[in-house]
Amino acid sequence: ADMRLFDPDRPPRIASVLIPLIVRQGAVYVLLTERTAHLHDHAGQISFPGGRVEKDDADAIATALREAHEEIGLPPADVDVIGTLPEYLTATGYKVTAVIGLIERMFSPVLDAFEVSEVFEVPLAFLMDPINHERRIFQLGEAGSNSRTFYAMPYATPDRAADNRRYFIWGATAAILRNLYQFLRADRGR
């Protein structure tokens, strides 16, 4: 369940994100971004490239590809869109369509310095292993009078990396990754 913190009477804002699956040397990695600390929404959080639908966007896929191009310099022509996940309603009042895209060509990220402080990759195998899906409780109010559960997927870069880093993937990003896991698990079950 998500933390429904927004006004339920206000219509949700429509947005799209891209789940960029980078294919390299026989392995698949998920590209994630760290948002800059000064942003109004979701500052400093780990997220997918994406944002609000604009009136010139043809559809949810167009929004995700445009935003990924603006935020991380990913050319839309380099993305092979393989599908979308069901819409996800975030705690902050966004209705998000996640677009799954394969990227098999090498590309050098060019970051929008206003919105994105960093990009990094996590092996898809790590994110799709349920042992790495932690359920956590978020307490609102006194002594848990209003608590919510959410998914978290803490990730540390391999120790051998010169710049060992720890990332806390949670909230809508972890929930969308969990939806991707369910989607792939259902697909394997056929």
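Data overview
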read-out: Conditions (1) modelled with pLDDT of 90 or more; (2) within 19 Å of Ser47 (Cβ to Cβ); (3) crowded, with 16+ Cβ neighbours inside 10 Å; (4) not aliphatic (A, V, I, L, M): number failed by Pro86; value: (3)
read-out: Test set (1) at pLDDT below 95; (2) open to solvent by less than 50 Å² (accessible area, probe 1.4 Å); (3) over 18 Å from Glu71 (Cβ atoms) - Tyr94 fails condition number; value: (3)
read-out: Hits in the range 96-116 (condition: part of a strand (DSSP E or B) and in contact with a Lys or Arg (Cβ under 7 Å, 6 or more places away or on another chain)); value: Val116
read-out: Number of the condition not met by Ala125 [criteria: (1) in a helix (DSSP H, G or I); (2) open to solvent by less than 60 Å² (accessible area, probe 1.4 Å)]; value: (2)
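The values are calculated or read from the model by the stated rules, or taken from the named source; none is laboratory data. Just so you know, these numbers come straight off a predicted model, no measurement behind them. Note that each Cβ is placed from the backbone with ideal geometry, even for glycine, and that neighbours are counted across all protein chains shown. Surface accessibility is based on the protein's heavy atoms, side chains included, excluding ligands, DNA and RNA. Shrake-Rupley method; radii C 1.70, N 1.55, O 1.52, S 1.80 Å.
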